[in-house]
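As structure tokens, the structure follows; a few thoughts come after it.
Just so it is clear, none of the values below were taken in a lab; they were calculated from the coordinates. Because the structure is predicted, anything quoted here is derived from the model rather than measured. So basically every Cβ, Gly included, is an ideal-geometry build from the backbone, and we count neighbours across all protein chains shown.
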Amino acid sequence: MRKPPLYFGQGPPAKISINPSEGGVGTTFYVNATGFVANTPIKVEIYSPHNALVMFRTYTTDSRGSIGYANVSWSSAGQNHGNYLLRIYGTYRQDKKEKEDFLELQFRIK
């Protein structure tokens, strides 16, 4: 049986995901973020292929540092084809210190 990784008190690293990672116009994309500091605000942004902000929302992480409870989604109805950027700003722990920064992930509307 595989053992979970040890983080020595600093918590798991922050991770973001979008599902699906590719879809047609009109697809609903679901966003998740984990590993952030518990009960802190995070900002969720989506940028178009031309770097225009097409979604901005603020959430508060739960007691586990996640926004999974919020069922965050975004519909691509009316958007153009191309590569989009998910950017999440928040506070997470790195090297036993809290760090406020952003994580990015690309996804595609085909």
| field | Fewest-first sequence of Thr58, Thr40 by Cβ atoms within 10 Å of each Cβ | value | Thr58, Thr40
| message | Given Cβ point charges of +1 (Lys, Arg) and -1 (Asp, Glu) and nothing else, what value in debye, to the nearest 20, does the dipole of segment 15-109 about its Cα centre take? | response | 160 debye
| task | Please return the longest stretch of the chain lacking exposed loop sites, where chymotrypsin sites (Phe, Trp or Tyr not before Pro) count only if DSSP places them in a loop and at most 14 other Cβ atoms lie within 10 Å. | result | 9-110
| query | Say we join alpha carbon atoms closer than 10 Å with springs in a Gaussian network model of the chain; which of Lys43, Lys96, Lys15 then has the biggest fluctuation? | reply | Lys96
| field | Ascending count of other beta-carbon atoms within 10 Å, so fewest first, for Leu86, Leu53 | value | Leu53, Leu86
| note | Cβ-Cβ cut-off under 13 Å around Gly68, Lys and Arg +1, Asp and Glu -1: the net charge is +1
| said: Of the listed values (1) 45, 33, 22; (2) 107, 48, 11; (3) 35, 32, 20, identify the label whose number matches Cα extents along the principal axes in Å calculated from this model. | reply: (1)
